[in-house]
Amino acid sequence: MCGIIGYVGGRACRELIVQGLERLEYRGYDSAGFALLDGSDDGFAMVRAVGNLAKLREASADMNGATGATTGLGHTRWATHGRVTEANCHPHLSGDGKVAVVMNGIIENYVELRHQLQESGVVFHSETDTEVLPHLIAQHYRGDLLAAVQEIIPKLSGHYAFVALHADEPGRLVGTRHECPLVIGEGDGERFFASAIPAFLRETRDVVLINDSEIVVIEPDRTTILNAKGEQLERHAERVDMDEDAAEKGGYETFMLKEIHEQPAALWDTIGDRIRPDGTVHLEGFGLEDAALARVERVHIVACGTSYHAGLVGRYLIEDWARVPVHCEVASEYRYRTCLAGPGDLVIGITQSGETADTLAAMRVARERGAHVIALTNIMGSQATRDADGVLYTRAGLEIGVAATKSHTAQIMALALLAVKLGRLKWALTQPGAIDLAEELRRLPEGIERYLESDAPTHVREVAEKYADRPFFLYLGRHVGVPVCFEGALKLKEISYIPTEAYPAGEMKHGPIALLDEGSPVVVVATDGHVFDKVVSNIQEVRARGARVIAVATEGNQEIGAHVDDVLWAPKTPALLSPVTALVPLQLFAYEIASIRGLNVDQPRNLAKTVTVE
Ligand code: AGP
């Protein structure tokens with residue numbers, strides 16, 4: 001959503017803060033800013049700029065003041081309240097210019113607080129909810145920033161993480177979190193606050209995780225953590241082994257392309273040693289004994305966006321291999337419906353970031369009703385892992401591109417492992433069947449690696465060049481190809497901004513076929529399987545209306561070429577696993593079209609990598 005960073009220590013911190021923001025830019029990049037304190041009587045040196053961080057660097061290039069500052073705050077914004085303007089950039093200051101605050105999330109009662117502050121004479125300079133914080137802190141400040149923050153927290157409702165700095169207290173930052181991420185990095189004689197570990201990973205790997213409602217004071221040699229009652233808590237730093245290079249592009253033009261090519265490794269790592277040659281599956285951290293898992297009669301899956309599409313694939317896998325009914329729903333709807341989950345049910349929250357507000361809320365609703373809730377996530381220590389009874393990690397590594405790719409196919413892999421495990425526990429899957437599936441799962445990374453190293457990606461670009469100027473695309477699929485066409489359409493729309501529709505192919509004649517005109521491009525997921533002939537019929541229906549058909553088909557299929565204009569081949573795999581292989585050409589197809597259009601595929605407009613607000 002937004003990126004926060006704070007620094008106290010012995011080093012000049014301006015560049016540390018800007019570099020940290022650059023590593024958080026995937027969280028939001030409408031605008032950015034920082035405030036520095038060098039202990040002089042000049043107060044804050046603050047720079048804010050609309051646009052990405054290159055604009056902030058430009059705006060601060062001739063900055064003279066506070067170049068030696070060793071205390072500072074920085075923020076990169078994804079607008080929630082208030083337009084994308086410089087006045088709405090963080091940090092926000094109190095009226096006396098003494099308090100600076102950066103925030104991620106939403107203060108839901110900010111209107112009421114704003115009115116109260118205005119009635120007491122406060123003048124606001126922005127449209128944001130965040131600006132109530134520095135004014136409130138200033139009103140409660142009597143020489144101790146920590147005390148002032150402690151006093152205002154009970155007045156706030158919403159989900160947020162913020163860090164505050166007072167001009168009279170250089171070398172000291174105070175931060176807190178409530179349902180939004182905030183972590184502490186501990187270096188030698190220096191400390192960091194950040195929304196995510198990559199912001200300071202180059203400087204330290206010693207990370208302190210904090211929980212909701214805890215308040216933290218960082219000073220160069222000290223981290224003080226207090227609970228809501230003001231009691232001091234002992235918390236030791238954990239050493240993280242996150243691969244720093246993962247946050248670089250590794251020679252690829254963009255993070256997204258790098259991450260598409262990292263899918264074989266992501267799949268292989270997600271399998272790890274979890275499935276044994278005898279077909280048994282071991283899911284560390286799942287938090288549910290096999291005997292209890294064997295008694296599960298219902299599975300609910302809640303997620304958003306691409307993660308929801310993984311859940312739709314998981315539904316086919318679990319229902320087919322374990323014969324357990326699966327209800328899969330977008331979290332933003334699930335959280336407000338009458339929740340029928342209960343004790344004995346398994347609820348899986350799928351969330352790459354582990355911080356998506358709607359998914360966290362849906363998981364909480366299910367957990368309150370007694371279900372066993374699992375976080376299927378890519379980020380260790382994320383909020384979802386703390387809210388759940390157990391975890392099922394994808395091991396896709398850091399994913400910087402806003403458009404999810406490797407984390408998505410890794411989610412499907414994790415769900416496949418769970419489906420095999422559940423199938424064996426339910427006696428719905430024989431051991432030979434499980435052994436065969438284990439072998440097929442292991443073949444997936446190899447097949448995709450071979451595909452990516454072949455001339456297939458070049459062919460995808462050639463096909464993309466034929467259609468890159470089209471104003472609309474219809475995506476169709478059947479059975480397990482439906483979530484694939486949903487995801488393929490989402491990839492194209494979110495990085496190329498081209499309007500797309502994605503529909504079950506059987507539904508197309510109940511309305512969407514009216515959208516087709518001479519030359520309309522229709523992407524059809526036509527991988528091998530029991531519905532292939534039905535898909536071919538739908539292809540003939542759309543071609544009869546003048547559409548141009550691009551099929552995603554299984555390598556070696558001899559029939560499809562006669563029915564379509566272009567084919568994007570996918571590595572051969574059993575039908576139920578075909579989403580994992582069919583998605584790769586669709587990811588590349590979207591990537592190539594967006595690239596041909598000259599768009600920023602890593603940071604698409606209006607989007608953010610993590611949506612920590614409703
Ligand atoms: C994926 O390409 C999108 N950026 C978006 O739909 C994303 O999948 C969604 O916001 C959910 O994020 P999460 O997996 O971190 O919960």
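The values are calculated or read from the model by the stated rules, or taken from the named source; none is laboratory data. Note that this is a predicted model, so its numbers are computed, not measured. Glycine gets a Cβ as well: all are built from the backbone with ideal geometry, and neighbour counts include every protein chain shown. For the accessible areas, the whole protein counts, side chains as well, though only heavy atoms, and no ligand, DNA or RNA atoms are used. Shrake-Rupley method; radii C 1.70, N 1.55, O 1.52, S 1.80 Å.
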Under the 7 Å Cα-to-Cβ spin-label approximation, residue 340 and residue 295 lie apart by a distance in nanometres of 2.2
Along the dipole axis of the chain (charges at Cβ: +1 for Lys and Arg, -1 for Asp and Glu; origin at the Cα centre), the most positive-end residue among 189, 97, 312 is 312
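Which of the helices in the chain meet the span-like rule: DSSP H, Cα axial reach of 30 Å or more, Kyte-Doolittle mean at least -0.5? Each step should come with its number before you reach the end.
Numbers: long enough: 431-453 (34 Å, -0.67).
Within the chain not a single helix satisfies the rule.
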Among GluC sites (Glu not before Pro) in segment 187-294, those in a DSSP loop whose Cβ has at most 16 other Cβ atoms within 10 Å are 231, 234, 248, 253, 284, 289
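Give, in nm to one decimal, the length gained when the segment between residue 15 and residue 543 is fully stretched (0.36 nm per residue of separation minus the Cα-Cα distance).
Details: separation 528, 0.36 × 528 = 190.08 nm, distance 5.69 nm.
Separation in residues times 0.36 nm, less the Cα-Cα distance, equals 184.4 nm.
Once you order the gyration tensor axes a ≥ b ≥ c over the Cα atoms, which shape class does segment 160-211 get: rounded for a/c under 1.5, otherwise prolate or oblate by comparing a/b with b/c?
Details: a/c = 2.23, a/b = 1.07, b/c = 2.09.
In terms of gyration-tensor shape, oblate.
Using Stokes-Einstein with the Kirkwood hydrodynamic radius over Cα pairs, what translational diffusion coefficient do you get for segment 306-422 at 25 °C and a viscosity of 0.890 mPa s, in µm²/s rounded to a whole number? Walk me through the numbers before you get to the answer.
On the way: Rh = 14.0 Å.
D, rounded to a whole number, is 175 µm²/s.
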Using alpha-carbon positions, the gyration tensor of segment 463-584 gives root eigenvalues a ≥ b ≥ c; with a/c under 1.5 called rounded, otherwise prolate if a/b exceeds b/c, else oblate, the class is rounded
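So, with +1 on the Cβ of K and R and -1 on the Cβ of D and E, and no other charges, what is the size of the charge dipole of segment 183-330 about its Cα centre, to the nearest 20 debye?
Dipole size: approximately 560 debye.
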Of the listed pairs 98/229; 406/609; 509/534, those with alpha carbons more than 19 Å apart are 98/229
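Check each of the chymotrypsin sites (Phe, Trp or Tyr not before Pro) in segment 302-411 and keep only those in coil by DSSP with at most 13 other C-beta atoms within 10 angstrom; list them in order. It would help to have the intermediate numbers written out before the result.
Numbers: sites: 308, 316, 321, 334, 336, 393; in loops: 336.
Hits after loop and neighbour filter: 336.
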Reported to the nearest 10 Å², residue 380 has, with a 1.4 Å probe, an accessible area equal to 140
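With n ≥ 4 as the cut-off for DSSP H runs, can you work out [θ] at 222 nm for the chain, using -39500 (n - 2.57) per run divided by the number of residues, rounded to the nearest 500?
Numbers: 18 runs with 206 residues, N = 614.
So the helix-based figure for the chain works out to -10500 deg cm²/dmol.
Tell me, what is the FRET efficiency for residue 369 and residue 157 to the nearest 0.05, using R0 = 25 angstrom and their Cβ-Cβ distance as r? Before the final figure, lay out the partial values.
On the way: r = 23 Å, r/R0 = 0.94.
Efficiency for this residue pair is about 0.60.
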Per the charge dipole of the chain (beta-carbon charges, Lys/Arg positive, Asp/Glu negative, Cα centre), the residue among 292, 471, 116 reaching farthest to the positive end is 292
Once the in-chain neighbours fewer than 8 apart are removed, the aspartates and glutamates whose Cα is under 19 Å from residue 155 read 108, 112, 119, 129, 131, 144, 179, 212, 214
Listed by chain and number, the lysines with an alpha carbon less than 21 angstrom from that of residue 466, same-chain partners under 8 positions apart left out, are 491, 493
Listed by chain and number, the aspartates and glutamates with an alpha carbon less than 12 angstrom from that of residue 55, same-chain partners under 8 positions apart left out, are 22, 30, 86
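Considering only DSSP states other than H, G, I, E and B, which chymotrypsin sites (Phe, Trp or Tyr not before Pro) in segment 97-167 qualify as loop sites with at most 15 other Cβ atoms within 10 Å? Walk me through the numbers before you get to the answer.
Values: sites: 110, 124, 141, 160, 162; in loops: 124, 141.
Within segment 97-167, the qualifying chymotrypsin sites (Phe, Trp or Tyr not before Pro) (loop, at most 15 other Cβ atoms within 10 Å) are 124.
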Farthest towards the positive end of the dipole of segment 343-418, among 371, 351, 415 and with Cβ unit charges of +1 on Lys and Arg and -1 on Asp and Glu, lies the Cα of 415
Taking a crude spin-label model, label points 7 Å out from Cα along the C-beta direction, the residue 239 to residue 144 distance in nm is 3.7
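Calculate the translational D of segment 393-457 in whole µm² s⁻¹ from Stokes-Einstein, where the hydrodynamic radius comes from the Kirkwood formula applied to all Cα pairs, the temperature is 4 °C and the viscosity 1.567 mPa s.
Once the numbers are plugged in, D ends up at 96 µm²/s.
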